[in-house]
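First up is the structure itself, then whatever we jot down about it.
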Amino acid sequence: MRVFPMFKQRFAPVAIALIVMLGAVPGDAQTNDEIDDIREQRRIAQEAEAEAASTVDTTTAELDEITTALEVLNGNVVTKEVELNNARAQLADAEAELESAETAVEEKEDEIAGLRDQVSDRAILSFVNQDDRGSVFIETADPNQAARMQVLVEEVTQTDVDVVEQLRGAEEDLLVERARADTARAEALRLEGEIAGQLTELETARDLQSELAIEAEGRLNAQLAELESLRAIDARLAAEEQAAVDELARQLARRDNTGGGSLSGSTQSIPIPPNHEIIKVSGFWVHQSIATNVEAMMAAAAADGIVFGGGGWRDSQRQIELRRKHCGTSDYAVYEMPSSQCRPPTATPGASMHERGLALDLTYQSLLIGTRNNDGYRWLEANAAAYGFFNLPSEPWHWSTNGR
């Protein structure tokens, strides 16, 4: 049987498609496997890092630790979102490819049906007229007429051959389009499953992000309030703390930009006592409920040669004024809006234990207790709990009735 060049041309895409489908290029397959392994290892490492970040204790950790943890979780969410969007784009491409292939299959099937009808009709016609064709050259005595008849017969015969070739070519094209459709369909199904898994991973990543963000917002709120008290005692240290607070606020803002949920309710305002409940004892303004303890602790420290200074209660009116200036004038803006959403970030009134009169920022030898390596801190570490005072670990100078 003669092999026509057109068959070779049509076979090339089939061969290429089969090679791609079967992964018959060892080098490429190996490279893809290596890339997949690297991606999987990176995914596992990222999830482990995110899991570790989600366990940070925001009540005791340093601000930069909280910021770093939130940055990790923010990045994890962004990565998951990018992966999901890429998979959705690939799915759209696969679905478009499937639609195109299915349309081509239908068109080829229609074309083949028409060509088969032509072949069938020509076969019947050839059978009916086969004796007539053979007798044309016998019965005519005119050589010119015989030559013309021969040309006509050859044209009809060649037309039959062309139709058969078209049919064979169309059938091969149909195989190619069906293979393309099968590949696209399988890819679409794979991507649908991948997207379902990625959606679950994204929701998990967002949950971890939201949980830490809510806790971090509470810590930010308290830290901002603490800064207002700290500025009056140690402006230099307050400036250093402000930089850490600003960075945490930026990470919280970045989290908001990734589509995180509401942070409402993440801050807790402490009931602000009336001014007549605030009294002065041992040089500190405090709430009357802890006055006896403060006096006793200062006396015990002095007996051991440790003299503390510093500050205690802070009027919340200043904080209300700042919130109106930085957050808005509505009751929600002043008392409830997350502090990170104000410009600049500003603590809610009542966020600080100082506003309740239940916290002290202490100095020793006229310096704020900025480290744990001095006699003042060591005395407090050993004795303050007996008087009902506990330290906020990230702030050696800050002691309150609840350690916050």
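The values are calculated or read from the model by the stated rules, or taken from the named source; none is laboratory data. All values derive from a computational prediction rather than experimental measurement. All Cβ positions, even for glycine, are placed from backbone atoms using ideal geometry, and neighbour counts span all protein chains on display.
Within segment 186-223, being within 18 Å of Ala94 (Cα to Cα) and modelled with pLDDT under 90 holds for no residue. Among the residues of segment 340-377, count how many are in contact with a Pro (Cβ under 9 Å, 6 or more places away or on another chain) and among the acidic types (Asp, Glu). The total comes to 1.
Look at segment 40-71 and say how many of its residues are over 20 Å from the mean Cα position of the chain (by Cα) and in contact (Cβ under 8 Å) with a residue 12 or more places away in the chain. Before the answer, list the steps.
Kept after step one, since they are over 20 Å from the mean Cα position of the chain (by Cα), are these residues of segment 40-71: 57-65.
Next, from what is left, pick out any that are in contact (Cβ under 8 Å) with a residue 12 or more places away in the chain: 58-64.
Qualifying residue count for the region: 7.
Exactly one residue out of Ser282, Ser269, Ser262, Ser352 is modelled with pLDDT under 90, touching an Asp or Glu at 6+ places or on another chain (Cβ under 7 Å) and not hydrophobic (A, V, I, L, M, F, W, C), and it is Ser352. For segment 58-71, a tally of residues being closer than 13 Å to Arg255 by Cα and of a type outside the set (A, V, I, L, M, F, W, C) returns 3. Exactly one residue out of Ala213, Ala243 is out of contact with any Phe, Trp or Tyr (no Cβ under 7 Å at 6 or more places or on another chain), surrounded by fewer than 16 Cβ atoms within 10 Å (Cβ to Cβ) and not charged (D, E, K, R), and it is Ala243.
Each residue in segment 72-121 was checked for being more than 30 Å from Ala253 (Cα to Cα), of a type in the set (Val, Ile, Thr) and either over 37 Å from the mean Cα position of the chain (by Cα) or crowded, with 17+ Cβ neighbours inside 10 Å (or both), and 3 pass. Whenever a residue of segment 210-225 is among the hydroxyl-bearing types (Ser, Thr, Tyr), its partners that are surrounded by fewer than 24 Cβ atoms within 10 Å (Cβ to Cβ), lying with C-beta atoms within less than 6 angstrom and at least six residues away or across chains, give the pairs Ser210/Gly260; Ser210/Gly261.
When each of Glu172, Glu165 is tested for being under 16 Å from Arg116 (Cβ atoms), over 45 Å from the mean Cα position of the chain (by Cα), assigned by TED's automatic domain parsing to the domain that holds Ala87 and modelled with pLDDT of 90 or more, the lone residue that passes is Glu172. If I filter segment 17-27 for residues that are surrounded by fewer than 17 Cβ atoms within 10 Å (Cβ to Cβ), of a type outside the set (D, E, K, R), modelled with pLDDT of 85 or more and assigned to a helix (DSSP H, G or I), do I get at least one hit? Taking every residue of segment 17-27 in turn, none turns out to be surrounded by fewer than 17 Cβ atoms within 10 Å (Cβ to Cβ), of a type outside the set (D, E, K, R), modelled with pLDDT of 85 or more and assigned to a helix (DSSP H, G or I).
Against the condition outside the structural domain of Ala69 (by TED's automatic domain parsing), among the hydrophobic types (A, V, I, L, M, F, W, C), in contact (Cβ under 8 Å) with a residue 40 or more places away in the chain and out of contact with any helix residue (DSSP H, G or I) (no Cβ under 8 Å at 6 or more places or on another chain), how does Ala239 come out, does it pass? Taking the combined requirement at face value, the residue does not satisfy it.
Taking helices (runs of 4 or more DSSP H) that do not extend beyond segment 279-364, which have at least 1 residues that are more than 19 Å from Ala384 (Cα to Cα)?
On the way: elements: 291-303, 317-326, 331-335, 353-356.
Output list reads 317-326, 331-335, 353-356.
If you check Asn373, Asn383 for being touching a residue at least 40 places away in the same chain (Cβ under 8 Å), more than 27 Å from Ile320 (Cα to Cα) and surrounded by fewer than 17 Cβ atoms within 10 Å (Cβ to Cβ), only one passes: Asn383. Considering segment 53-66, the residues that are within 12 Å of Gln209 (Cα to Cα) and of a type in the set (Gly, Ala, Ser) include one that is surrounded by the most Cβ atoms within 10 Å (Cβ to Cβ), namely Ala53. Cβ-Cβ distances below 7 Å connect no pair with a first residue in segment 90-102 that is touching a residue at least 60 places away in the same chain (Cβ under 8 Å) and not assigned by TED's automatic domain parsing to the domain that holds Arg185, a second residue that is surrounded by 14 or more Cβ atoms within 10 Å (Cβ to Cβ) and among the hydrophobic types (A, V, I, L, M, F, W, C), and a separation of six or more residues or different chains.
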